[in-house]
Amino acid sequence: MIVSLRELLTDADRRGYAIGAFNCLSQENVMGAIRAAEDLRSPLILQLAEVQFPEAPLAMMAPLFLGAAERAKVPVCVHLDHGLSLETCIKAIRLGFTSVMLDASALPYEENLKATMEISRIAKAAGVDVEAELGHVGDCGVDTADVFTEVEQAVDFVSQTGIDALAVAIGNLHGHYIATPQLNIKRLNEIHEAVSLPLVLHGGSGTSVEDFKACLKGGICKINVATAIQLEATKQIQHYLATAEKPAYIPMKRVIEKASYEVICQHMELFESNNKA
Ligand code: 13P
């Protein structure tokens, strides 16, 4: 069944677990995610980021996500990840997404604040929840400067924008980490103490078990995972092609679904969202 982001995160916040938000670029990814959520009785967030639109166009993915969510036996939220403009967020809202993230985190504070206030006003009027980012979570190998979330700014940002979830920058990066990151858990705890809303960790792939557990205690209620799914699918496709007697397309689709399923199950268990639906 389809549910709102706020509803999912409120329960996660109350019970101290996090919900995996998995970036799905294909039907195989979505099918693996739904099967994982149903088998583990876990709530689920299906998401797609604007930078992924060239491979997975929003208008094509929306019916797939929504159809899968409606039929699921567990609560599923359909979320726009890293919308880069107001226009994209509005398109997602019109297509039926239950929540949107407008990512204006690369802009100066005042501009991020202004853009987030605007999407918040529009989304609320449409009954859609909003995630925003403060500080900036960069990409592995591209962004070297750590732009951490400032505690005082977070308090101001949350109270002025009325958002439902705040993505924090605490040493996390998107993509494939060369070395396991060391998250700044002290900063996370300070933010958690200062603002009373569910926090989001981006760049979940490759994070240590220890940091994940500290994140659950520090108010992180949504954890985004993308790279780990695609890496595992690639690994399993390579193995299949190297070992199958007569490699064929349909079994390969099943390999992708199975790889997605396995990675998602693993993360759901780590995030302790199993048996919470
Ligand atoms: P990873 O690809 O590092 O898991 O990050 C996913 C993410 O944060 C999507 O917003």
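Every read-out reported here was derived from the displayed coordinates using simple, explicitly stated rules and does not represent laboratory data. A quick note: this is a predicted structure, and the numbers were derived from the prediction, not measured. Cβ coordinates were reconstructed from backbone atoms using ideal geometry, including for glycine residues, and neighbour counts include every protein chain displayed.
What the table below lists for this structure:
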| read-out | value |
| --- | --- |
| For the chain, built as a Gaussian network whose Cα springs stay under 10 Å, the top-fluctuating residue of P54, P251, P63 | P54 |
| Unit charges on C-beta of K, R, D, E only; dipole of the chain, Debye | 960 |
| Unsatisfied cross-links (Cα-Cα over 25 Å) in the set K217/K258; K222/K276; K222/K258 | K217/K258 |
| Efficiency of FRET from Cβ geometry, T10 and N189, R₀ 22 Å, rounded to 0.05 | 0.60 |
| Cα-based convex hull, region 1-112, per residue volume (Å³, whole number) | 103 |
| Expected-Rg normalisation [2.2 N^0.38 Å, Cα atoms] applied to the chain | 0.95 |
| Residues of type aspartates and glutamates that K186 reaches as a straight line, Cα spacing below 20 Å, ignoring anything fewer than 8 places off in the same chain | D13, E133, D146, E150, E152, D156, E210, D211 |
| Neighbour-count order for M1, M61, M268, M117, fewest beta carbons within 10 angstrom listed first | M1, M117, M61, M268 |
| Rough spin-label spacing in nm, given labels placed 7 Å along Cα→Cβ, for A106 and A248 | 4.5 |
| Net lengthening on full extension, E55/Q27 (0.36 nm per residue, minus Cα-Cα) | 8.9 nm |
| Cα Rg, Dmax (largest Cα-Cα span) when computed across region 137-277, Å | 17.9, 61 |
| Amide hydrogen neighbours beyond the local backbone of C77, cut-off 5 Å, H modeled | V3, L44, I45, L46 |
| Among C265, C140, C89, residue whose mean-square fluctuation peaks in a GNM of the chain (springs only between Cα atoms under 10 Å) | C140 |
| Ranking of Y109, Y17 by count of other Cβ atoms within 10 Å, fewest first | Y109, Y17 |
